1. Against the longest alpha carbon principal axis of the chain, how many degrees, from 0 to 90 and to the nearest 10, is the axis of helix 113-138 turned?
2. Figure the gain on full extension for residue 61 and residue 161 (residue separation times 0.36 nm, minus the Cα-Cα span) and round it to one decimal in nm.
3. Would you mind telling me which residue in 144, 15, 40 has the biggest mean-square fluctuation in a Gaussian network model of the chain, where springs connect alpha carbons within a distance under 10 angstrom?
4. When only Cα pairs under 8 Å and 6 or more residues apart are kept, what is the percent relative contact order across the range 1-80?
5. How would you order 159-168, 94-103 from highest to lowest mean count of nearby Cβ atoms within 10 Å?
6. Express in nm, to one decimal, how much length is gained between residue 183 and residue 50 on full extension, taking 0.36 nm for each residue of separation and deducting their alpha carbon distance.
7. From the helices alone, meaning DSSP H stretches of at least four residues, give me the mean residue ellipticity at 222 nm for the chain, per-run term -39500 (n - 2.57), in deg cm²/dmol to the nearest 500.
8. Given an 8 Å cut-off on Cα distances and at least 6 residues of separation, report the relative contact order of the range 6-182 as a percent.
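Laboratory data are not the source of any read-out in this text; all were calculated from the coordinates shown. Since we're looking at a predicted model, the values are computed, not measured. Neighbour counts are summed over all protein chains in view; Cβ atoms, including those assigned to glycine, are modelled from backbone coordinates with ideal geometry.
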């Protein structure tokens, strides 16, 4: 970063590449079914591989939402990225780089509060750092960032009861946003 700053277009391209690599690393971690002795290939697929694919798709959808918000933020930046915005962007990207680990850790034991806490915590931290980037650019922390942090963390107490399905709690985020918008709260 020079004294004049870094080109916003260049930083956005780098950010897009980091997000693409994170998604690629997540899909590469989905293994082919390996049946246990006496187990059919179909049983191994349904019990191990299919849940991993579903968790990948959920994470993929969340990253796409992050990416669209990131794009909206970058449209508001000047030609040269301010230093603090650069730092918050790099913090966001660092957390995104940890998501493949978080997903793999989570899929190792979806009923564990620890694995869900790490995975949901990384998602919450990504949302928070993206929100801080938005605050740096727009001057206000988006309500949606705070809401997302809370919703991501809501999955943790349900881990023991629902296992990997606790991630479905994340989808209450959008209906809550709609309710807030109808009530005049900026999201």
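1. 20
2. Details: separation 100, 0.36 × 100 = 36.00 nm, distance 2.38 nm.
Using 0.36 nm per residue and subtracting the Cα-Cα distance, I get 33.6 nm.
3. So, out of 144, 15, 40, the one fluctuating most is 40.
4. Values: 38 pairs, mean separation 37.4, N = 80.
Relative contact order for the range 1-80 comes out at 47 percent.
5. Working: 159-168: 17.1, 94-103: 20.0.
Result, highest mean Cβ count within 10 Å first: 94-103, 159-168.
6. This chain segment gains 43.9 nm when fully extended.
7. Counting only the DSSP helices, I get -22500 deg cm²/dmol.
8. Contact order relative to length: 22 percent.
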